[in-house]
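Note sheet for the following structure.
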Amino acid sequence: MALCCHPVIFFGKSFISPDNGLLLLYEGKPTVPGGVGGHIDNAVGSDLGATMLWNMPASMIQHRALFHDHEFPLWSRYNWSGLPLFAQSLSMIGDPLEWVPILTGGASWAWDWKFITAQVLFAFAIGLLVRRTSGSLAAALLLTLSAPFMGFFAYRYNHPAFFSLCYSPWILLAWVEGARASSHRQAAVWAFLLIFADWWEMNSGTAKEMSALLLFMNAAGGLMLLLAAQPMRWRLTRLGIFAWANIVFLLLSAPLWMTFLDALGKAHTSYDEPRIYQMTPGLALGLFDDIFHRQFMPIEFLFNPSTNFFVLIGVAWALVRARALAGERMLWAVTLPAVAAGALAFGVVSPATAATIPFLKNIYHFDNTFSCVLFILLFVIAGYGLRECLARLRDKEWVGDWALMLTFVGVLVASYFGLTDAAHRVGRTMLKVGESIPLSLFFAGYAPALFAALAILPWAMRQAWLRRPAAAAWAVVALCAFATLHFRHGMYLQTKFDFYTRNPKTRTDLRHLTSPALEAVRTASTEPGRVVGLDWEMVPGFNTVLGFETISGPEALMNPAMLELTTSLGLKRIWDWRIKIKEEDFASLHRALDMLNVRYILAEPGQGSSPPPGTKLLPASDLTVLESTTAWPRAFFTDAVGVYNDGPSLRKLVEEGDGRPFAAEPPALQAMLKLPARDFAKRVVQPAQHYKLTNNTTTFEIDAPSSGVAVLLEANVPNDILAYVDDQPVLCVPVDHAFRGALIDKPGHHVVRFEYWPAALDGALNVAMVGLIALGLSFWWWRRSGRLEAKAISTQPTPPDCVAVS
């Protein structure tokens, strides 16, 4: 790891540097105050936004909730006028490693520590897996060294799937050790580890990769027990122990998956309509180096992950020695799930069939999701192949094995270069049927070097092992060949081929960013108000780092009512999750933004001294900062409720009304309020005051001259928002299509509080309590069985042929 990530460990670079290639606050470089800027090397295809715009800000939200508000972080008020946080099932709060970023408030160095630690744990787990399955210490050591140098870590440069992959081998390792344990009681120890490993994986920060890895790693482990060379009773008992462990895990993790499933049922996601991305089998070579995937894309766009060519040597050698390995039951246990994952990733299971499988059909990215499963299983298979290679170095038959290994690789190469149907990924490929593969200059030099190193490495190892003449020279050749297979997948400060390597940029502390524009907003904010950036200023998600709320963001589970409202108001989305407002469209959208409590607008600097009507210019230099003087207050009281029938009629109320805040309902909901009939045009509007905002609650005070409605311009979630007036629970009703309202039944001064509490959480906590009891009983059984076993041994009579020696 010191070699692989030396720029981060020793030179102050960072996985989450704002200069890695993502727009954040500014449209130009550097993208944040205090950033270094400069040339961006290889962001093409790496999803840098997932962690930078969601996971890292989430750790900041969690820190603020726990240590400032003293609340469990259930909610995020920062994006889309508020969304569930914990129920997204992506916050990683249950990940032990995540607590370093949480405790430090999202410090960049803490995230770098987490990425490096996860990669170390991954390499260590791979080594243990190979050692315990193949039995070869040499193969385990070599694959441990190889594990950090995977193409996957460039594809998921700083994505949470990084952690999902890194944690998953521990699931399979628990099953392996459980299968090898000499007694059921010893196996139970590894079943306890399985509970922890499953929990760790579920909290890794992804939904797609996590689910696939959980399913396939446990399936492979179950097959190890079913295929074990033991009596059926032994296998069923051992399988029962581990099945019970998974049941306990599901009970304990109920707050995670039950709140997620409940939120998913109420949410819009970008994956709602099935769409299947798969690869063709001819691209199997790309599983071992992503450079072969990239040749299909313009500017060699990185669109799928890989392992490395050293793993290919091991897998190919295992195929060569398939007859000798046929009796290896653990090998069968990982090969069968690998075949299933490969069938899903490479289109053997057709898109039409895949689109009928519940949950799986909404993954979209079958290619990279099930490739992650393959990577873990391929490392185990490679361990067997390398064991055979190393064990037969002195045999004459070894040369034949080597030639057959090269033949197998040649078949992969031929199928790759013979590929004519380039529609290998639905909706993504840029090649047409019949077009040839465009080879880059780098590829033309790198690919032959890979194949040469793949052929030379085993031969050089054999020559050095046999102590042939110039054995030391052959050892150096082997070392160079080994490095050739791995070097591109490491990190570097600078190379002559930066586009093809990872070159992280300077670490920047994002916790306390300041600039004239940011300070202008913070100084002017005397009451809650939202902030938007025009064009590419302040990308939604990064606003959380700054402590600003906005009207869109990169959450996976979005509020359908907010999407409908913003669309009805004429706000356009890109990438499904981001509202983008062009500078020339601001005037026509001003009233819509006012309704959404947008008080501050950030624009490109130097926009002149004449602000648009209804705004005023705040003093700043790095950005133009406008304050909307007509923005609706975050909360207000009104005595009359208007009526709207659909989105266009609501938009008409906003754009053609008097500009003052209002509450409006469809006819059916209006009848629920049972308010006296009043003239909507002459409605009374009283802004709230004395706000108190915590992570999960918003409290304010209002003076109501009559009965009416208290409106809060924060997103409503059906059945999950609790409303209180003067500490008495009242019904929370949706107002203005997406916001919250509470009935005020009498005039006077009132304290109104809204709180987010998922309706599914109470039941989930009860289920988790059952799981905790089950875990405690399981531990009691384990302790008790140990005492009974010890007692049985101590009471056994001394064999007659034993002589006591004093």
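The values are calculated or read from the model by the stated rules, or taken from the named source; none is laboratory data. Computed from a prediction, not measured in an experiment: that's the story for all the values here. All Cβ positions, even for glycine, are placed from backbone atoms using ideal geometry, and neighbour counts span all protein chains on display. Heavy atoms of the whole protein, side chains included, go into the accessibility calculation; ligands, DNA and RNA do not. Shrake-Rupley method; radii C 1.70, N 1.55, O 1.52, S 1.80 Å.
A few remarks follow.
- To the nearest 10, the accessible area of Val100 is 40 Å² with a 1.4 Å probe.
- The mean accessible area for residues of the stretch 212-354, using a 1.4 Å probe and ignoring ligands and nucleic acids, is 37 Å² per residue.
- Between 0 and 90 degrees, the angle of helix 169-180 with respect to the longest Cα principal axis of the chain falls at about 40 degrees.
- Sequence of Asp736, Asp262 from largest to smallest accessible area, 1.4 Å probe: Asp262, Asp736
- Space enclosed by the convex hull of the alpha-carbon atoms of the stretch 212-260, per residue, Å³: 57
- Dipole magnitude for the stretch 623-686: computed about the Cα centre from +1 point charges on Lys and Arg Cβ and -1 point charges on Asp and Glu Cβ, it is near 180 debye.
- If R0 is 56 Å, the Cβ-Cβ spacing of Ala414 and Val476 corresponds to a FRET efficiency of close to 0.95.
- Taking a ≥ b ≥ c as the square roots of the eigenvalues of the Cα gyration tensor, an a/c ratio of 1.5 or more together with a/b no larger than b/c marks the stretch 140-283 as oblate.
- Largest to smallest accessible area among Arg394, Arg467, Arg387, Arg238 [probe 1.4 Å]: Arg467, Arg394, Arg387, Arg238
- Label assignment, Rg/Rh (Cα atoms, Kirkwood Rh) derived from the structure, set [x] 1.03; [y] 1.09; [z] 0.98: [x]
- For Lys505, a cut-off of 15 angstrom between C-alpha atoms picks up these aspartates and glutamates, skipping any fewer than 8 places away in its own chain: Asp19, Asp41, Asp112.
- Taking a Cβ cut-off of under 14 Å around Leu775, the surrounding Lys, Arg, Asp and Glu residues balance to a net charge of 0, with basic ones at +1 and acidic ones at -1.
- Residues of the stretch 100-136 with an amide N closer than 19 Å to a point placed 7 Å from the Cα of Asp395 along the Cα-to-Cβ direction: 134-136.
- Accessible-area composition of the chain, carbon plus sulfur, in percent [1.4 Å probe]: 64
- A simple count of charges around Val320, restricted to other residues whose Cβ falls under 11 Å of its Cβ and scoring Lys, Arg +1 and Asp, Glu -1, yields 0.
- Surface accessible to a 1.4 Å probe, Arg753 within the full protein complex, Å²: 70
- Two-decimal log10 I(q)/I(0) for the stretch 710-751, as the Debye equation yields it once each C-alpha is a single scatterer, q = 0.19, 0.24, 0.26 Å⁻¹: -0.52, -0.79, -0.90
- Overall form of the stretch 363-409 per C-alpha gyration tensor (a/c, 1.5; a/b vs b/c): oblate
- Lys616 - accessible surface, heavy atoms, 1.4 Å probe, Å² rounded to 10: 100
- Long pairs among Lys208/Lys572; Lys361/Lys652; Lys114/Lys582, criterion Cα-Cα beyond 30 Å: Lys361/Lys652; Lys114/Lys582
- Simple Cβ-charge dipole of the chain, Lys/Arg +1 and Asp/Glu -1, about Cα centre, in debye nearest 20: 2900
- Efficiency of FRET from Cβ geometry, Phe779 and Leu215, R₀ 35 Å, rounded to 0.05: 0.85
- Of the residues Ser270, Ser204, the one with the largest accessible area comes first in the ranking Ser270, Ser204, computed with a 1.4 Å probe on protein heavy atoms.
- Here's the list of aspartates and glutamates a cross-link from Lys266 could span, going by alpha-carbon distance under 19 Å and ignoring same-chain residues fewer than 8 apart: Glu555, Glu564, Asp576, Glu714, Asp720, Asp736, Glu755, Asp762.
- Take every Cα pair under 8 Å whose residues are at least 6 apart in sequence, average their separation, divide by the length of the chain, and the relative contact order is 16 percent.
- With K and R counted +1 and D and E -1, the other residues having a Cβ less than 13 Å from that of Pro648 yield a net charge of -2.
- CD proxy at 222 nm, helix term only [per DSSP H run n ≥ 4: -39500 (n - 2.57); per residue of the chain; nearest 500]: -14500 deg cm²/dmol
- Angle of helix 108-134 to the longest C-alpha principal axis of the chain, folded into 0 to 90 degrees and rounded to 10: 30°.
- Computed FRET value (nearest 0.05) for Lys746 with Ala587, which takes r as the C-beta separation and R₀ as 35 Å: 0.25
- Rg and Dmax [Cα atoms of the stretch 298-384; Å; Rg one decimal, Dmax integer]: 14.8, 46
- Against the chain, whose longest principal axis comes from its Cα atoms, helix 366-391 is set at around 20 degrees.
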